[in-house]
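Colleague: First, the structure itself, so that you have it in front of you.
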Amino acid sequence: MLNIGSLFKKKSKDIAKQRLMLVLSYERQGLPPSIVERLKEDLINLFSKYPQFDASGIDVLLKRNEDNREELWISIPLKNS
């Protein structure tokens, strides 16, 4: 199981990975709105280190599908070369 306390002692890429795992583990339980914003901030911090990605265009959404289940949608655009 994910140790929430460990989120504050790791690099941003590790934090983003753990938060994504946390989000996926709560698929059917509903998520607090703050988790989506925190995940987005972590992804922006992580991908801003790589010039091939447009970190300012990252989008993170929770949507309901046809089966009424929550889905996490993450869009990370590439920069035009």
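Colleague: Multiplying the sequence separation of S56 and E37 by 0.36 nm and subtracting their Cα-Cα distance, what value in nm do you get?
Modeller: Roughly 5.5 nm would be gained on extension.
Colleague: Taking a label point 7 Å from the Cα of R64 along the Cα→Cβ vector, which residues of segment 31-53 have an amide N closer than 17 Å to it?
Modeller: Taking a point 7 Å out along Cα→Cβ of R64, the residues of segment 31-53 whose backbone N falls under 17 Å are 31-33.
Colleague: Turning to a different aspect of this structure: So for the pair S75, L20, with labels modelled 7 Å out along Cα→Cβ, what separation do we get in nm?
Modeller: With each label placed 7 Å out from Cα toward Cβ, I get 1.8 nm.
No lab work stands behind these numbers, since they all come straight from the coordinates. Because the structure is predicted, anything quoted here is derived from the model rather than measured. Heads up, the Cβs are rebuilt from the backbone with ideal geometry, glycines too, and the neighbour counts pull from every protein chain shown.
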